[in-house]
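Written below as structure tokens is the structure these notes are about.
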Ligand code: UDP
Ligand code: MN
């Protein structure tokens, strides 16, 4: 049996949330040995996510961890202003450290709820011995942002990143996986708030590995199995008018 793949997904309430979670869950159902750690950015677990997970058919852990108000994005703030997902990813790492141990065989990766995942990604995630990396599509101003790897050995010799190429690890959150044993060994490794925007990946990776230890996967980092897609907020202007009259199109419908 291969390792259990633990996917950590921060998520928050908004009109597209159920659609995003549906799209993700139906990819994850195709993955053997999968365990979804869903962390709501909310003071309480919501009925929507609770019900959603219960009927998902997936093995999961549902937790909630609200982002402290001083770190929450304002309604009109551009999204780079504050880091997103910090509280939630850290809560998941803490859950892993207090509920799993050396006898568990697993790999952890960070699966934001708006990205697009190929089922072929998970064969690569399952190969991670310490820290594995792979290409991510549609990010950093490029069609693909990727490590440059030696195909035969998987050794990483560089990165093609153009956006903030001076990052210690110039890769996206969706572009790496960490073996459970590494997460347990480096027991204080966490994400952090007060760091430069775009440096969250480097923040965690520098605490658990070095560049020359990285394992380049996905056919020598030449295959794209995950895309940093972003969902446009839907236009709900008519709904807003209805709501003002005390009505809504989804009365009694989740
Ligand atoms: N997220 C969250 N709370 C927020 C904003 C975002 O939990 O207030 C989650 C979001 O659902 C996603 C992750 O954090 O799983 C990263 O956010 P986003 O996709 O907006 O980041 P970006 O694509 O801009 O890196
Ligand atoms: Mn995103």
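Throughout, read-outs are computed from the coordinates displayed, never taken from laboratory work. Everything numeric here is computed off the predicted structure, so don't read it as measured data. Every residue, glycine as well, gets a Cβ built from its backbone with ideal geometry; the counts of neighbours run over all protein chains shown.
Say whether the condition of being surrounded by 12 or more Cβ atoms within 10 Å (Cβ to Cβ), closer than 22 Å to residue 143 by Cα and within 16 Å of ligand 2 (Cβ to nearest atom) is met by at least one residue in segment 176-191. Yes.
Yes or no, residue by residue, for (1) farther than 24 Å from residue 232 by Cβ; (2) in contact (Cβ under 8 Å) with a residue 40 or more places away in the chain; (3) away from ligand 2 (no atom under 15 Å from the Cβ); (4) out of contact with any helix residue (DSSP H, G or I) (no Cβ under 7 Å at 6 or more places or on another chain):
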site: 78; (1), (2), (3), (4): no, no, no, yes
site: 84; (1), (2), (3), (4): no, yes, no, yes
site: 108; (1), (2), (3), (4): yes, yes, yes, no
site: 113; (1), (2), (3), (4): no, yes, no, no
site: 116; (1), (2), (3), (4): no, yes, no, yes
site: 120; (1), (2), (3), (4): yes, yes, yes, yes
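Residue count for segment 1-16 under the criterion of being out of contact with any strand residue (DSSP E or B) (no Cβ under 8 Å at 6 or more places or on another chain) and not in a loop (DSSP other than H, G, I, E, B): the result is 0.
Every residue, every condition in (1) within 16 Å of ligand 1 (Cβ to nearest atom); (2) assigned to a helix (DSSP H, G or I), yes or no:
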| position | (1), (2) |
| --- | --- |
| 153 | no, no |
| 181 | no, yes |
| 184 | no, yes |
| 190 | yes, no |
| 198 | yes, no |
| 204 | yes, yes |
| 220 | no, yes |
| 231 | yes, no |
| 239 | no, yes |
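If you go through segment 117-143 and keep only what is buried (at least 18 other Cβ atoms within 10 Å of the Cβ) and under 23 Å from residue 165 (Cβ atoms), you end up with 131, 132, 133, 134, 135, 136, 137, 138, 139, 140.
Comparison of 233, 218 shows that the only residue that is in contact (Cβ under 8 Å) with a residue 40 or more places away in the chain and on the phi < 0 side of the Ramachandran plot is 233.
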